[in-house]
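All of the numbers you see were taken from the coordinates with simple rules; none came from a lab. In this text the structure is predicted, and so the values were computed from the model without any measurement. Quick reminder, even Gly has a Cβ in these numbers, built from the backbone with ideal geometry, and neighbours come from all protein chains shown.
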Amino acid sequence: MGGFTAQFAAAFMVTVSLGLVSGSLGTVIGLLLAMSKSSPASRFKAAVTGYTTVVRGVPELLIILLIYFGGTIFASKVAGRYVEVNAFTAGVIALTVVFSGYATEVFRGAIAAVPAGQTEAAKSLGLNAWQRWAFVIGPQMLRLALPAYGNLWISLFKDTALVSIVGLTDIMRVAFVGAGSLRAPLTFYLAASALYLSLTTITLLSIRLAERRYPALGR
Amino acid sequence: MNLSLMFEAMMVLPSGIGLTLTLTVLSLTAGFLLSVPLAFVRAFGRPSLSLAVLAYTYVIRGTPMLVQLFLLYYGLGQIEAVRASAFWVVLRDPFWCALFAFSLNSAAHTTEILCRGLQSVPKGVVEAAVALGLKRLQIARLVIFPIAFRISLPAYGNEVVGMIKGSSLASTVTLLEITGMARQLVSSTFAPYEIFIVAGAIYLALTTLAVKATQFLERRLSTDDHPKRRGKVRFRLALPNHEITTPVP
């Protein structure tokens, strides 16, 4: 593999940080959207539903291409000269959009699964809206959402490979370059598969651990 | 936004729908045919065999489909024996490579989906079938599989949607399906917004159609009318399909 081991190590870090950043951002946005969709007097319900439907119905690759190439044009227009959007930024934005779309649905389902009596009891205790979310619905909802939420992370780490198509030097890109320059595609793509497999395995194990530590309450 | 460009894209891109649908339908069919025996082995086979099937599904589901596609398209040519064999004519072609990769992927996902369905078939039903004197193959074909299929249908709907979306990867190995056409058009006009949005709308129409079709099939095949359960089914349909699998204890 020549000098590609160090490059693979660096690329591994790029993939992991891309996943972590977009997953965390996506979680925050997903939580907010799910909360706004679940509150009875929501004005954005239709907009949020539209957003999740579109994001989940369009290929991730297309979203990445749109944000990378479209983003370059948009940034150039704003700046008044040619600006290229960096592949990492485009990847983070695109994967955040994808992740938040799915996470919204996961959290919304989990919120709906928390018995209505809990909210009513919290209201009768005099808790305000934020207290209800933080102390009553939130903790129960997160535990219910955990298994499906973990699956989203696995999908996310697999989707990071698509960002290599717009030139991010992640695991996939290094494998592509290495395969071309050393004329050993089999070796390089197998190495890439092993890296991705270890990444998904680590994710899987952490979800398992979290699920055991925080099982759904009252079942 | 340039409306005339969007209009042009609307004229050009639909010619890629054929290839997208061909890839999707063929790989779903091949994946399904492959996954039925695998799911039975995975659910009811000997532990060693079940574990072997699990290893296959775990590796396929744990790696990006893009890596698998490149492994087949670029990687296989490295092996001299493959290049010398008769299969090379097929494996050299990007269409067959993509189809092969998608089918393997779909088979792995469908195996796990069906396996979960098979495992949740009530024991009593099988015992009743044994008591009626049905042979093992008859039980599997006439009793277990139809019930398991009905149980798996919502999750399988996800797989269909995932495959429609996944077929966009074929554009990376030079195939001109919807995404491939869009990328080609973008590189000649450099108008990414208009063209990718039109492509996205086409995909959205296809995936919506697939979701509606599975929901219709679900309603047609459902035997019980529990509104509560229907609600749960609809929630599950929204999730990507990567449920966690564990070795059989």
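Rounded to the nearest 10 degrees, the inclination of helix B:47-62 to the longest alpha-carbon principal axis of chain B is 20 degrees.
How large is the dipole of region A:120-219 about the Cα centre if only Lys and Arg carry +1 and Asp and Glu carry -1, each at its Cβ, rounded to the nearest 20 debye?
Values: 10 positive and 4 negative charges, 50 e Å.
For this selection, approximately 240 debye.
Using Cα-Cα distances under 8 Å and only pairs 6 or more residues apart, what relative contact order does region A:32-104 have, in percent? Before the final figure, lay out each step's value.
Working: 53 pairs, mean separation 25.5, N = 73.
Result for region A:32-104 is 35 percent.
Each part gets one Cα centre, and for region B:22-39 versus region B:61-85 those centres are 20 Å apart. Per residue, the protein assembly as shown reaches -25000 deg cm²/dmol at 222 nm when only DSSP H runs of four or more residues are counted, each adding -39500 (n - 2.57). Once the Cβ-Cβ distance of A:V21 and B:M11 is raised to the sixth power relative to R0 = 45 Å, the FRET efficiency obtained is 0.70.
Residue separation of B:R141 and B:S222 scaled by 0.36 nm, minus their Cα-Cα distance, works out to 27.3 nm of gained length. Each label point was placed 7 Å from the Cα along the Cα-to-Cβ direction; for A:N86 and B:A213 their separation is 4.3 nm. When the P(r) of chain A is calculated, the portion above 33 Å amounts to 28% of the C-alpha pairs. Treat each spin label as a single point 7 Å out from the Cα along the C-beta direction, and report the B:S188 to A:A116 distance in nm. Going by the 7 Å Cα→Cβ label model, 5.7 nm. Residues B:C97, B:C115, ranked from the fewest to the most other C-beta atoms within 10 Å, line up as B:C97, B:C115. How many angstrom lie between the C-alpha centres of region B:131-149 and region A:158-207? Cα centroid to Cα centroid, the span is 43 Å.
Please identify the chymotrypsin sites (Phe, Trp or Tyr not before Pro) of region B:168-227 that satisfy two criteria: DSSP loop assignment and at most 13 other Cβ atoms within 10 Å. Which are they? For chymotrypsin sites (Phe, Trp or Tyr not before Pro) across region B:168-227 that sit outside H, G, I, E and B with at most 13 neighbouring Cβ atoms in 10 Å, the list reads B:F190.
Let me know the charge dipole size of region B:1-125 about its Cα centre in debye, to the nearest 20, where only the beta-carbon of Lys, Arg (+1) and Asp, Glu (-1) is charged. Numbers along the way, then the final one.
Numbers: 7 positive and 4 negative charges, 109 e Å.
Roughly 520 debye for region B:1-125.
Backbone geometry of region B:121-135 corresponds, through the Karplus equation with coefficients 6.51, -1.76 and 1.60 at θ = phi - 60°, to 3J(HN,Hα) couplings of 5, x, 4, x, 5, 5, 4, 4, 5, 5, 5, 6, x, 6, 7 Hz, x marking Gly and Pro. Modelled this way, with points 7 Å down the Cα-to-C-beta line, the labels at B:E80 and A:E211 are 4.7 nm from one another.
Do any of A:K37/A:K158; A:K45/B:K165; A:K45/A:K123; A:K158/B:K123 go past 31 Å between their Cα atoms, and which? Going by Cα-Cα distance, A:K158/B:K123 fall outside the 31 Å limit.
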